[in-house]
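Presented below is the structure to which this report refers.
FYI, it's all coordinate maths here, none of it is from the lab. All values derive from a computational prediction rather than experimental measurement. Here the Cβ is made from the backbone with ideal geometry for all residues, glycine too, and neighbour counts use every protein chain on show.
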Amino acid sequence: MSANHNESYSRYVNTITGCVADVESANIHGGGKTYPGAVMPFGMVQLSPDTITGGDNGPGYSYHHETIEGFSFNHLSGIGWYGDLGNLQVMPTTGEIRFHSGSNSHDLYQTDKPGWKSRYDHTSEVTQAGYYAVTLDDYHIRAEMTATYRAGILRFTFLETDDGQIQIDLARRIAGRSTKQYIKVTGRDTIEGWIHCPPEGGGFGHGEGHVNYTLYFYGKFNKQWNSFGLWNKGDDLGSITECQEEDLGFYAVSGKPPMDVDGLVDERQNP
């Protein structure tokens, strides 16, 4: 039998393979520490879900965790040490806007109140080469994502609701935190800025890896939002259009129907 050279063998790939990271909690020795999200071969963007921030969770995702705190744009796979990256974490939510995920041990602002993280079930996950999808059970939102060589694309499908929003944690970093962030709101559907991550903030090897980088981002929504705001250390800063701080986040609120994220572009370079 001759091989069909036009067949795409990528359909046989299941990217959930090896996705165990928190070996202490999993009660096993060693995990694959891979991430299940979307990436092009040699691509700049690795768009993938995050289940927790902190501890020995280098890729940001571990299969045995029961909640998802968001989806970030850059990840490392197969890390033998405490990991890094996991920047520009995006989370769709409904209801009350909360200013922490509830599962980030490096967050400067934490309270006893629930964060924005959501439960999920593995039966709702689709883990294919170049595509990831999951249902966020607490919000009844379907999240889908894919990647090009230089951009990540998110699609969030909301139920009919008056209070849908998209939140972006600019300070989040795997195994550490960003120490300085800048954001500029340039329109009713566009943001841009940068995220600085020096070794003082931790990251690879708790900072002992001496990783120092600045991530530049540009994000465009496919619908204009009704309102927006920034937060810093848990304080709502309101709808200011430009800010530089050390614990920044952004939220966009829409009425019916809520907006989707059409694309977010990520670029890294050393400062």
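Counting charges near Lys180 (Lys, Arg +1; Asp, Glu -1) among other residues having Cβ under 11 Å from its Cβ returns a value of -3.
Express the C-alpha Rg of the chain as a ratio against the empirical globular expectation 2.2 N^0.38 Å, rounded to two decimals. Relative to the rule-of-thumb radius for its length, the chain sits at 0.96.
In plain terms, the C-alpha convex hull of the range 109-149 casts an average shadow of 4.5 nm² when viewed from every direction. Eigenvalues of the alpha-carbon gyration tensor of the range 102-202, scaled by 5 and square-rooted, set the equivalent ellipsoid semi-axes at 25, 19, 17 angstrom, largest first.
When only C-alpha pairs under 8 Å and at least 6 residues apart count, what is the relative contact order of the range 12-269, in percent? In percent, rounded to a whole number, it is 18.
Working from label points 7 Å from Cα in the Cα-to-Cβ sense, the Thr186 to His206 distance is 4.0 nm. With both labels modelled 7 Å from their Cα along Cα-to-Cβ, the Glu246 to Arg150 distance reads 3.4 nm. Per residue of the chain, the DSSP helices (runs of n ≥ 4 H) give a summed -39500 (n - 2.57) that works out to 0 deg cm²/dmol at 222 nm.
Do any of Lys33/Lys220; Lys33/Lys223; Lys33/Lys117 go past 25 Å between their Cα atoms, and which? From the list (Lys33/Lys220; Lys33/Lys223; Lys33/Lys117), the Cα-Cα distance tops 25 Å for Lys33/Lys220; Lys33/Lys223.
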